[in-house]
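Notes for the one structure printed next.
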Amino acid sequence: MKLVIQRVKHAEVSVDNKIVGKINLGFLVLLGIKNSDTKKDVDYLVKKLIHLRVFNDDNHKMNLPLQSVNGELLIISQFTLYGDCKKSGNRPSFSDAAKPDIAIPLYEYFINECKKQIPVVQTGIFGSDMKVNLLNDGPVTIIMDSE
């Protein structure tokens, strides 16, 4: 499982020109799920995400986690995080990305585990053509992998 986490001042995701998820200060999380991922991967990454200390304290040091700043989450599924470009040619292979029968339950579990700790958790729509708009703060972008 792979996360691309962006610290944002605000972010929103729309489908068919309709906003389906919107947050203020917090994390925009792009979530990639691969074939071999399990709930154990989710549990590990949710804990790391929730406790990630990248918000500024009073001394302007990245020292505070999401909860300390009343941060919000916008979680968007993104199978392309498992695009493999190692073979010849220019078209990535997505064979490591989990199919919906594996990915959807893990995606929903990830969201539900986050909701247990963070009051505002918004999402995109799994498998949809989404448009994401954000104001990256810093910029701060962190990549996490459960491996």
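The values are calculated or read from the model by the stated rules, or taken from the named source; none is laboratory data. Since the model is a prediction, treat every value here as computed from it, not as a measurement. Here Cβ is always computed from backbone atoms with ideal geometry, including for glycine, and neighbour counts include all displayed protein chains.
Here are the numbers for this structure:
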quantity	calculated
Verdict on I75 being touching a residue at least 40 places away in the same chain (Cβ under 8 Å), over 25 Å from K9 (Cα atoms) and not in a loop (DSSP other than H, G, I, E, B)	no
Residue ID - nearest to D43 (Cα to Cα), chosen from residues in the range 89-147 that are charged (D, E, K, R) and either part of a strand (DSSP E or B) or touching a His at 6+ places or on another chain (Cβ under 8 Å) (or both)	D145
Selection from the range 122-140 of residues that are surrounded by fewer than 15 Cβ atoms within 10 Å (Cβ to Cβ) and farther than 20 Å from I19 by Cα	G138, P139
Residues satisfying the stated conditions in the range 1-25, i.e. surrounded by 15 or more Cβ atoms within 10 Å (Cβ to Cβ) and polar (S, T, N, Q)	Q6, S14
Whichever residue in the range 99-122 is in contact with a Leu (Cβ under 7 Å, 6 or more places away or on another chain) and not aliphatic (A, V, I, L, M) and, among such residues, is nearest to L66 (Cα to Cα)	C114
Only one of D37, D43, D16 that is of a type in the set (D, E) and over 16 Å from the mean Cα position of the chain (by Cα)	D16
Residue within the range 55-62 that is among the basic types (K, R), assigned to a loop (DSSP other than H, G, I, E, B) and within 18 Å of V140 (Cα to Cα) present	yes
Out of L66, L49, L73, L28, sole residue that is modelled with pLDDT of 95 or more, buried (at least 21 other Cβ atoms within 10 Å of the Cβ) and under 17 Å from E147 (Cβ atoms)	L49
Scan of the range 40-60 for residues that are more than 18 Å from L73 (Cα to Cα) and touching an Asp or Glu at 6+ places or on another chain (Cβ under 9 Å), ordered by number	D41
Breaking point among (1) touching a strand residue (DSSP E or B) at 6+ places or on another chain (Cβ under 9 Å); (2) touching a residue at least 24 places away in the same chain (Cβ under 8 Å); (3) closer than 17 Å to G32 by Cβ, for K86	(2)
The range 18-39, subset touching a residue at least 12 places away in the same chain (Cβ under 8 Å) and outside any strand (DSSP E or B), residue nearest to N133 (Cα to Cα)	N24
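The rows are residues; the columns are (1) farther than 13 Å from L3 by Cα; (2) exposed (fewer than 13 other Cβ atoms within 10 Å of the Cβ); (3) over 17 Å from the mean Cα position of the chain (by Cα).
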position: D58; (1), (2), (3): yes, yes, yes
position: T80; (1), (2), (3): no, yes, no
position: C114; (1), (2), (3): yes, no, no
position: V120; (1), (2), (3): yes, no, no
